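Participant: Following this message is one structure expressed as structure tokens.
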Amino acid sequence: MGSIIWKLAGPGAGILASGVASRLTKKIWVSVTKSAPPDNPEDPDVAWKEAVAWALASGAIIGLTRLLVERQAAVWYRKSFGEQPPGLGAGRDGREA
């Protein structure tokens, strides 16, 4: 049963985190640059500096937010079921802890 719950909770947490992070990234961008983020950074009319800055900022914020939310989902799972979520029990060397 726990495995089925994790198959829903894990990706669900990631999707939720991505949506939150996307909005957060845009708000931070506007507060720092005082301008809207580029709609399409791949557009040749967007300056390289702006496109690269947007890619770095959005990648870092979205990645960090997903990490935080997915780790909290794993903590919740461990507290609820008394074990690590399926697939997260491996240690640094790849073997089960």
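The values are calculated or read from the model by the stated rules, or taken from the named source; none is laboratory data. The structure presented is a predicted model; accordingly, all values stated were derived computationally and were not measured. Note that each Cβ is placed from the backbone with ideal geometry, even for glycine, and that neighbours are counted across all protein chains shown.
Participant: For a quick check of your reading of the model, give me the residue pairs whose first member lies in the stretch 28-47 and is over 13 Å from Ile61 (Cβ atoms) and at pLDDT below 95, whose second is part of a loop (DSSP other than H, G, I, E, B) and of a type in the set (A, V, I, L, M, F, W, C), with beta-carbon atoms closer than 6 Å and at least 6 apart or on different chains.
Facilitator: Going by the 6 Å Cβ cut-off, the qualifying pairs are Pro38/Val46.
Participant: Somewhere in the stretch 19-26, is a residue of a type in the set (A, V, I, L, M, F, W, C), in a helix (DSSP H, G or I), at pLDDT 85 or above and closer than 30 Å to Glu83 by Cα? Reasoning before the result, please.
Facilitator: Of all residues in the stretch 19-26, those of a type in the set (A, V, I, L, M, F, W, C) come to 20-21, 24.
This time we only want the ones that are in a helix (DSSP H, G or I), so: 20-21, 24.
Okay, now just the ones that are also at pLDDT 85 or above, so 20-21, 24.
From what's left, closer than 30 Å to Glu83 by Cα: 20-21.
The answer is yes; a qualifying residue exists.
Participant: With the structure loaded, tell me whether Val69 is at pLDDT 85 or above, aliphatic (A, V, I, L, M), buried (at least 18 other Cβ atoms within 10 Å of the Cβ) and assigned to a helix (DSSP H, G or I) or whether it fails that test. Reasoning before the result, please.
Facilitator: Numbers: at pLDDT 85 or above: yes; aliphatic (A, V, I, L, M): yes; buried (at least 18 other Cβ atoms within 10 Å of the Cβ): yes; assigned to a helix (DSSP H, G or I): yes.
Spelling it out, Val69 is indeed at pLDDT 85 or above, aliphatic (A, V, I, L, M), buried (at least 18 other Cβ atoms within 10 Å of the Cβ) and assigned to a helix (DSSP H, G or I).
Participant: Does Ala53 satisfy the condition of being without any contact (Cβ under 8 Å) to a residue 24 or more places away in the chain and farther than 30 Å from Ala9 by Cα? Give the derivation first.
Facilitator: Details: without any contact (Cβ under 8 Å) to a residue 24 or more places away in the chain: yes; farther than 30 Å from Ala9 by Cα: yes.
It is true that Ala53 is without any contact (Cβ under 8 Å) to a residue 24 or more places away in the chain and farther than 30 Å from Ala9 by Cα.
Participant: Of the residues that sit in the stretch 41-55 and are surrounded by 10 or more Cβ atoms within 10 Å (Cβ to Cβ) and either in a helix (DSSP H, G or I) or of a type in the set (S, T, N, Q) (or both), which one is nearest to the chain's Cα centre (by Cα)?
Facilitator: Going through the stretch 41-55, the residues surrounded by 10 or more Cβ atoms within 10 Å (Cβ to Cβ) turn out to be 41, 46-47, 50-55.
Retained after the next criterion (residues that are either in a helix (DSSP H, G or I) or of a type in the set (S, T, N, Q) (or both)): 50-55.
Details: Glu50: 22, Ala51: 20, Val52: 19, Ala53: 18, Trp54: 16, Ala55: 14 Å.
The extreme case among them is Ala55.
Participant: Right, next: For the structure I just gave you, tell me whether Gly59 is at pLDDT below 90, in a helix (DSSP H, G or I) and surrounded by fewer than 16 Cβ atoms within 10 Å (Cβ to Cβ). Working first, answer last.
Facilitator: Values: at pLDDT below 90: no; in a helix (DSSP H, G or I): yes; surrounded by fewer than 16 Cβ atoms within 10 Å (Cβ to Cβ): yes.
For Gly59, the condition - at pLDDT below 90, in a helix (DSSP H, G or I) and surrounded by fewer than 16 Cβ atoms within 10 Å (Cβ to Cβ) - is not met.
Participant: Then there's this: What tally of residues in the stretch 27-37 results from selecting those that are buried (at least 16 other Cβ atoms within 10 Å of the Cβ) and either assigned to a helix (DSSP H, G or I) or within 9 Å of the chain's Cα centre (by Cα) (or both)? Before you say what the answer is, go through the steps one by one.
Facilitator: The initial filter retains those residues of the stretch 27-37 that are buried (at least 16 other Cβ atoms within 10 Å of the Cβ), namely 29, 37.
Filter once more, so that each one left must be either assigned to a helix (DSSP H, G or I) or within 9 Å of the chain's Cα centre (by Cα) (or both): 29.
Residues meeting the conditions: 1.
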